[in-house]
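What follows is one structure encoded as structure tokens, with my remarks underneath.
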Ligand code: SF4
């Protein structure tokens with residue numbers, strides 16, 4: 001299994017408590033984006049084209065701790081941008097572990113060898129290395145050669161030092177089921193603790209808009225992959241079997257965007273990790289003031305092709321809690337990869353997309369400029385290096401640093 005027993009037991013107890021208390025909406029994983037700056041420039045990423053003043057922003061240690069104290073989720077997934085560019089990241093991880101949270105630190109691994117000794121192995125701490133397939137697939141996905149090799153070296157190093165290591169793998173429409181299945185075999189042989197896999201979300205600002213998957217293609221792709229791995233039983237996925245069952249087209253879930261609430265340098269992102277349609281100052285405001293019914297598949301055009309784990313894993317987990325026998329049958333029997341698919345949610349009544357990105361950027365820039373003394377208004381000059389190390393240019397200095 002991809003989920004350690006301790007983690008499964010603690011999360012299970014948390015879920016049970018929420019169910020018994022009758023709470024309608026509750027968080028499962030805090031998605032923390034303490035910076036948008038990255039040392040890669042991937043074609044499928046919708047987060048690195050902000051102006052420098054925004055890329056230079058960081059959430060402080062205090063803000064990161066406030067986020068988890070406010071929302072109370074049992075798991076924190078730290079992404080970005082590249083979290084290892086944040087100079088206070090070791091302190092942030094220690095703070096979460098001291099609060100008895102499970103911490104997943106996502107990284108492209110380019111800086112991992114340099115920074116690894118700032119962290120200690122723990123059953124509650126997992127490195128999640130970005131790896132979108134074999135060498136050809138991954139280097140193409142991150143638009144830079146040699147990154148796959150560095151990521152694999154980093155996995156070996158982290159395993160040798162006693163860390164828990166998983167990979168996070170995003171698949172696009174050029175993924176080949178056979179190649180992907182063999183890739184999962186190869187990374188499983190490295191002794192990985194887990195594989196997190198998801199179809200890519202079509203970020204409206206991603207430079208490459210040609211390679212995102214639609215729903216039908218996603219289900220066909222996952223059936224093709226899972227059929228080559230004993231219905232998914234051959235690999236240590238970190239996700240619930242019910243989520244994988246959904247990816248294979250055997251369930252049609254509505255998303256649960258509040259299950260993975262997202263805190264970025266803009267605030268609490270409405271409605272989810274993938275869509276930034278607005279920002280709340282507090283978690284309470286996010287939960288109470290978001291018009292949840294306006295979002296999700298069938299409700300909003302931008303949601304039409306979404307099957308991403310950050311939106312649907314919590315739906316799958318809830319289904320598992322309320323249908324334990326079905327969940328057990330899927331777990332033991334493997335995921336069905338043939339036969340009819342579940343009828344999907346109709347899209348004929350969804351509201352059209354709204355484009356609000358530039359308004360949020362302008363608002364944030366005004367706030368930053370209003371906060372800064374005149375001498376600091378232009379901030380440090382920063383560039384993304386094509387070497388990907390982030391070392392050739394000066395590391396950005398954040399307002400919070
Ligand atoms: S379907 Fe749900 S999780 Fe996906 S983008 Fe829409 S609101 Fe977010």
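Observations, loosely collected:
- Label point distance in nm, residue 230-residue 25, each placed 7 Å from Cα along Cα→Cβ: 4.1 nm
- Backbone N under 12 Å from the residue 301 label point (7 Å along Cα→Cβ), restricted to the range 326-351: 350-351
- FRET efficiency estimate (nearest 0.05) - Cβ-Cβ, residue 351 to residue 43, R0 35 angstrom: 0.75
- Placing a label point 7 Å from the Cα of residue 343 along the Cα-to-Cβ direction, the residues of the range 210-251 whose backbone N falls under 15 Å of that point are 251.
- Overall form of the range 319-364 per C-alpha gyration tensor (a/c, 1.5; a/b vs b/c): prolate
- Summary value for the chain: 19 percent relative contact order, contacts being C-alpha pairs under 8 angstrom separated by 6+ residues.
- Placing pseudo-labels 7 Å out from each Cα toward the beta carbon at residue 16 and residue 118 gives an inter-label distance of 3.9 nm.
- Under 18 Å from the residue 190 label point (7 Å along Cα→beta-carbon), backbone N, the range 22-45: 40
- Shape call, the range 123-277: gyration tensor on alpha carbons, a/c limit 1.5: rounded
- The range 164-243 - Rg over Rh from alpha carbon coordinates, Kirkwood radius: 0.97
- For the chain, the percent of C-alpha pairs falling in each 20 Å distance bin, counted from 0 to the bin holding the largest distance, reads 28, 62, 10, 0.
- The chain - mean residue ellipticity at 222 nm from DSSP helices (-39,500 (n - 2.57) per run, n ≥ 4, rounded to 500): -10500 deg cm²/dmol
We did not get these values from a lab; they are worked out from the coordinates using the rules stated. These numbers come from a predicted model, not from an experiment. In this analysis, Cβ positions are derived from the backbone assuming ideal geometry, glycine residues included, and neighbour counts consider all displayed protein chains.
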